[in-house]
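Chemist: Submitted below is the structure of interest, expressed as structure tokens.
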Amino acid sequence: MPLPDPSQMPSEAPPSDAAARRRHVPTRAGAVDLAATALLLIAAGGIAAAWPATDVSATAVLVGTLLYAAALRITFSAGSGLATPLQLVFVPLWFWLPPALLVPVAIAGNVVANRVGAWVRRREGPVPSPVSAAADAWPAVAVAVVVGASGVSVASMSNVALVVVAVLGQVALWAVAHGAR
């Protein structure tokens, strides 16, 4: 039996990278992420106005953002799911950065981690939206508010109650943010 002539066969070219990027989050989920990101930016602005950052080095902010992004890219098996060592990086940032910078560092870390991860893997399909990645930074708001309202410039291990309340606030806000999605 002769082989079919390739010029007579229908061509099904794989989707280009541009076509893959045009596939995006469904409308409702995209709208929720956009609203969550807008509210997050408003909250970050309010935190920065209430507890302005003073005497902070750009290096500390850059290193904090890169460490946060790196922690998000590391995953390991935990039971039937996956986990990241994010808290191992984020909790020390409470002691290193003023409250006004915790949320922006978390936002930037999420966006960088998602973008770099998609680029490194050269993954097919849609690249994670920066809006969706930014919306994942909501738990940082609780920490920034708790640390800022305590009146300290950065968290302190001498105040264990502060750290416990910040962790509980972070967990509660994470549950609310992800429940809304």
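The values are calculated or read from the model by the stated rules, or taken from the named source; none is laboratory data. Only a predicted model underlies this, so the values are computations on that prediction, with no experimental measurement involved. Cβ coordinates were reconstructed from backbone atoms using ideal geometry, including for glycine residues, and neighbour counts include every protein chain displayed.
Chemist: Return the pairs, sorted by first residue and then second, in which the second residue is hydrophobic (A, V, I, L, M, F, W, C) and not in a helix (DSSP H, G or I), the first residue lies in segment 50-75 and is farther than 11 Å from V111 by Cα and at pLDDT 80 or above, the beta carbons are less than 6 Å apart, and the residues are 6+ apart or on different chains.
Modeler: Filtered contacts from segment 50-75: G64/L97; T75/L82.
Chemist: Of all residues in segment 84-94, how many are in contact with a strand residue (DSSP E or B) (Cβ under 9 Å, 6 or more places away or on another chain) and at pLDDT 85 or above?
Modeler: 1
Chemist: Restricting attention to segment 83-92, which residues are touching a Ser or Thr at 6+ places or on another chain (Cβ under 8 Å) and assigned to a loop (DSSP other than H, G, I, E, B)?
Modeler: Hit for segment 83-92 is T84, nothing else.
Chemist: Filter segment 42-82 for residues that are assigned to a loop (DSSP other than H, G, I, E, B) and within 19 Å of the chain's Cα centre (by Cα); which is surrounded by the fewest Cβ atoms within 10 Å (Cβ to Cβ)?
Modeler: That would be T75.
Chemist: Being closer than 14 Å to A69 by Cα and either of a type outside the set (A, V, I, L, M) or touching a Ser or Thr at 6+ places or on another chain (Cβ under 7 Å) (or both) is the filter here, so list the residues in segment 93-114 that pass it.
Modeler: P104, V105, A108, G109, N110, V112, N114
Chemist: Another one. For segment 107-124, does any single residue satisfy the condition of being on the phi < 0 side of the Ramachandran plot, modelled with pLDDT under 80, among the acidic types (D, E) and buried (at least 17 other Cβ atoms within 10 Å of the Cβ)?
Modeler: Our first condition is that a residue be on the phi < 0 side of the Ramachandran plot; within segment 107-124, this holds for 107-121, 123-124.
Within this subset, residues satisfying the condition of being modelled with pLDDT under 80 are 107-121, 123-124.
With among the acidic types (D, E) added as a condition, the list becomes 124.
Okay, now just the ones that are also buried (at least 17 other Cβ atoms within 10 Å of the Cβ), so none.
Looking for residues that are on the phi < 0 side of the Ramachandran plot, modelled with pLDDT under 80, among the acidic types (D, E) and buried (at least 17 other Cβ atoms within 10 Å of the Cβ), one finds none in segment 107-124, hence no.
Chemist: Quick one: which of S153, S132 is of a type in the set (S, T, N, Q), at pLDDT below 75 and in a loop (DSSP other than H, G, I, E, B)?
Modeler: S153
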